[in-house]
Amino acid sequence: MAAIDPAELDALARLSRLSLADDERDAFARQLGEVIAYLEALQAIDVEGVAPWRPDEPAATPLRDDVAGAAVDRDAMLAAVPVSDEGLVIVPRFVES
Amino acid sequence: MSAPSPWLGVDAIAAAIASRELDALAVVEVALARIAVLQPRLHAFVHLDAALARTAAARVDAGARDGALAGVPLGLKDLFVTADMPTTAGSRMLAGWQPPYHGSHARRLDDAGAVRLGKLSLDEFAMGSSNENVPGEPVRNPWALDRVAGGSSGGAAAAVAAGMLPAAIGSDTGGSIRQPASLCGVVGLKPSWGRVTRAGMIAFASSLDQAGPIARSVRDVARVLGVLAGADPLDSTCATRPVPDYVAACDQVPAGLRVGVHRDALALPGLDADVRAAFEAALLRLRDAGATLVDIALPHATAAVPTYYVLCTAEAASNLARYDGIRYGVRVAADTLAATLEASRSAGFGAEVRRRILLGNFVLRKDSYEHYYGRAQRVRRRIADDYRDAFARCDVIASPTAPQPAFELGARVADPLAMYLGDVFTVGANLAGLPAISVPCGFTGGAPRLPIGLQLVGPRFREDLVLAAAALHERTGEWHRERPPLAEVGA
């Protein structure tokens, strides 16, 4: 079965916010190509007039009373943040020059 | 009091704690001693906290002792969020993450008096069938140390099979409770989608994920399910319907129980001969025990695995977009936000997780969305309708759990498609949201002697029927009492 095209793999990696090491690109292209070829089996199923699946239950989104409840502690949350300062999450530069 | 056996089950321990025949502290010491001997060989745990467990046990001994799981040593697959233990999802991405909150599963276990000992190994983000997609050592099968324990709840199944714990909590998106239970010779139940909360369970594929118990008997699984099940205000997809007495259900086999069999599925080329023979023998025993065997059809069964891999990868690509290296988890510093995201995610995620994210974005892309994702959602409806039609003719549907017994470590690492095809019997229940159990039903004939599992699937929210049928089968044999040959590793 055909491996996916290297340019296709790069496009998917960009969409996925992933970079691939040189030594795994060939294996990934081959493995993904095999799986994608296998997924073609779905085209043989007649789905004419069939609605997409959706869960049957619960039938509606439950609502709670509009009353303030307990929230996660801010300092405990910040303790897991890789880089923070004075209660703020530090983010890398996001405006590209 | 003499030291209790490590093979005491959930039901027996809770009863002995309640009647003061045993103290929780004595029970937890036995578990800790056995874990100390076996962990270096099996690698079932990724985190163990003996001090926390002893504190919890002492609290049970000093308290009312009447919780449904009072004094029962338990472990959670490390996909469940715990405020008092690190939670990693088996990923470098979350190495050392200490959650700022306690998930609903851990909370319910604590409220029932359970003694949590630690966190159990899993394939990274629950993606895998062999517990080899791990940052550290893969879990070993207690029946043969060169074989996989199955996955993704491999640590949970191995720990229960080896007598380290009487029960553990796993999660099942496409078979991740049932397949390792089958490969390790224990009982594993995936509840109906919505029966058990998902709040505090790290998401893989939200429309398929369910938490459930692994234990050594049907009754023990039923008891733990009773604690986990029921409405949760923190999960709006969790069903609000009442929770029946699942332990009582084990003794309430409907007269003339109808067991459906999809014969065409047994023509699968990769079905192991010993697995097939054990399955056929299980059917005959069920018949001899009073069940009626009914031939049923699941016309779209062969589409289940491709449907599953379109949908689970699409949902995974979306769910795992949250790992950005900013708010928690690994951050690899780079000049810009985009470069930081890419560097952090590439360093944090292992190969299988990255493959599934790539595949998920492939099927979700605008120009392929209808061809793959849209179509798979329609095929999913077909598959769910097939089950609905089949349950008009039977109460439960029987099949093997896995087409092969435990395979050798490393055998399928380079061939993801071969690994995926092992999910052929289990993914249907996830796609249709159905309860399904795996129970031990025999062993392979050659060496090593490996366990084989029988799967029973029931209609939506009929865990009671699944448990009743599984208990009926359990009463026809002694497989669930067999113990793995761990003497050579000092146990």
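No lab work stands behind these numbers, since they all come straight from the coordinates. Small disclaimer: the values here were computed from a predicted structure and weren't measured. All Cβ positions, glycine included, derive from the backbone under ideal geometry; neighbour counts span all protein chains shown.
Taking the simple approach of a point 7 Å from Cα along Cα-to-Cβ for both B:VAL294 and B:ALA255, what is their distance in nm?
Going by the 7 Å Cα→Cβ label model, 1.7 nm.
Please compute the average number of Cβ atoms from other chains found within 10 Å of each residue's Cβ in peptide B:429-438. The partial results should precede the final answer.
Numbers: counts 0, 0, 1, 1, 4, 0, 0, 0, 0, 0.
What the average comes to for B:429-438 is 1.
Can you give me the C-alpha center-to-center distance between segment A:71-97 and segment B:68-85, rounded to a whole angstrom?
29
What's the average, rounded to a whole number, of partner chain beta-carbon atoms within 10 Å of each residue's beta-carbon in B:302-313? Walk me through the numbers before you get to the answer.
Values: counts 3, 4, 0, 3, 9, 5, 0, 5, 4, 1, 0, 2.
Other-chain Cβ atoms within 10 Å of each residue's Cβ, averaged: 3.
Give the whole-number value, in cubic angstrom per residue, of the convex hull volume spanned by the C-alpha atoms of chain B. Could you put the intermediate results ahead of the total?
Numbers: hull volume 66.9 nm³, N = 491.
Spelled out: Cα convex hull of chain B, divided by residues, is 136 Å³.
Given the DSSP H assignment, sum -39500 (n - 2.57) over each helix run of at least 4 residues in chain B and divide by its residue total; what's the result at 222 nm in deg cm²/dmol, nearest 500? Could the numbers behind the result be given before it?
Details: 16 runs with 176 residues, N = 491.
That calculation yields -11000 deg cm²/dmol at 222 nm.
So what is the diffusion coefficient of segment B:382-491 in µm² per second by Stokes-Einstein at 10 °C and 1.306 mPa s, using a Kirkwood Rh over Cα pairs?
Values: Rh = 15.8 Å.
In µm²/s, the coefficient is 100.
How far, in nm, would the chain grow between B:ALA62 and B:ALA411 when pulled straight, counting 0.36 nm per residue and subtracting the alpha carbon separation? It would help to have the intermediate numbers written out before the result.
Numbers: separation 349, 0.36 × 349 = 125.64 nm, distance 4.96 nm.
This chain segment gains 120.7 nm when fully extended.
Report, by chain and number, residues whose modeled amide H sits under 5 Å from the one on B:ASP251, excluding near sequence neighbours (fewer than 5 apart, same chain).
none
Give the range of the longest stretch in chain A that excludes all GluC sites (Glu not before Pro) found in loop regions by DSSP and having at most 11 other beta-carbon atoms within 10 Å. Numbers along the way, then the final one.
Values: sites that count: A:GLU48, A:GLU86, A:GLU96.
Excluding the exposed sites themselves, the longest stretch runs over A:1-47.
For B:GLU21, what charge total do you get from the other residues with a beta carbon under 13 Å from its beta carbon, if Lys and Arg give +1 and Asp and Glu give -1?
Numbers: positive: B:ARG20, B:ARG65; negative: B:ASP23, B:ASP61.
Local net charge: 0.
List every residue whose amide H lies under 5 Å from the amide H of B:VAL115, counting only residues 5 or more places away in sequence or on a different chain, with H placed 1.01 Å from N in the peptide plane.
B:GLY71, B:VAL72, B:LEU74
Give the calculated FRET efficiency between B:ASP367 and A:VAL67 to the nearest 0.05, with a Förster radius of 56 Å applied to their Cβ-Cβ distance. Could the numbers behind the result be given before it?
Working: r = 47 Å, r/R0 = 0.83.
Calculated transfer efficiency: 0.75.
Which ³J(HN,Hα) values, rounded to whole Hz and listed in residue order, are derived for segment B:375-391 from phi using the Karplus coefficients 6.51, -1.76 and 1.60 in 6.51 cos²θ - 1.76 cosθ + 1.60 with θ = phi - 60°, glycine and proline given as x?
After applying 6.51 cos²θ - 1.76 cosθ + 1.60, I find 5, 4, 5, 6, 5, 4, 4, 4, 5, 5, 5, 4, 5, 4, 5, 5, 6 Hz.
Enumerate the aspartates and glutamates that B:LYS366 could reach by cross-link, defined here as Cα to Cα under 15 Å, with residues fewer than 8 away along the same chain left out.
Hits, sequence-local ones excluded: A:GLU8.
Below 8 Å between Cα atoms, with a sequence gap of 6+, how large is the relative contact order for chain B in percent?
18
Which order do B:LYS119, B:LYS190, B:LYS77, B:LYS366 fall in if you start with the one that has the fewest other Cβ atoms within 10 Å?
Working: B:LYS119 26, B:LYS190 35, B:LYS77 32, B:LYS366 6.
Least crowded to most crowded, the residues run B:LYS366, B:LYS119, B:LYS77, B:LYS190.
Amide H of B:ARG147: which non-local residues (sequence gap of 5 or more, or other chain) have their own amide H closer than 5 Å, using H built in the peptide plane?
B:ASN141, B:LEU409
Return a whole-number percent for the relative contact order of segment B:237-371, with Cα pairs under 8 Å and 6 or more residues apart as the contact set. Walk me through the numbers before you get to the answer.
On the way: 98 pairs, mean separation 28.7, N = 135.
This gives 21 percent for segment B:237-371.
PRE reach from B:GLN39 (point 7 Å along Cα→Cβ): which of segment B:127-164 fall under 18 Å by backbone N?
Hits in segment B:127-164 for B:GLN39 at 18 Å: B:135-142, B:154-164.
Where does each of B:MET201, B:MET164 land when they are ranked from fewest to most other beta-carbon atoms within 10 angstrom?
Numbers: B:MET201 25, B:MET164 31.
Final ranking by Cβ density, sparse to dense: B:MET201, B:MET164.
Quick one: net charge around B:ARG258, please, counting Lys, Arg +1 and Asp, Glu -1 for every other residue with C-beta under 10 Å from its C-beta.
Numbers: positive: B:ARG393; negative: B:ASP395.
Its environment carries a net charge of 0.
Give the order of B:TRP97, B:TRP7 when sorted by the count of other beta carbons within 10 angstrom, beginning with the fewest. Walk me through the intermediate numbers first.
Values: B:TRP97 18, B:TRP7 13.
By the 10 Å Cβ count, ascending, the order reads B:TRP7, B:TRP97.
Need the list of lysines near B:LYS77 for cross-linking: C-alpha distance under 22 angstrom, and skip anything on the same chain fewer than eight residues off.
Here the lysines satisfying the reach criterion relative to B:LYS77 are B:LYS119, B:LYS190.
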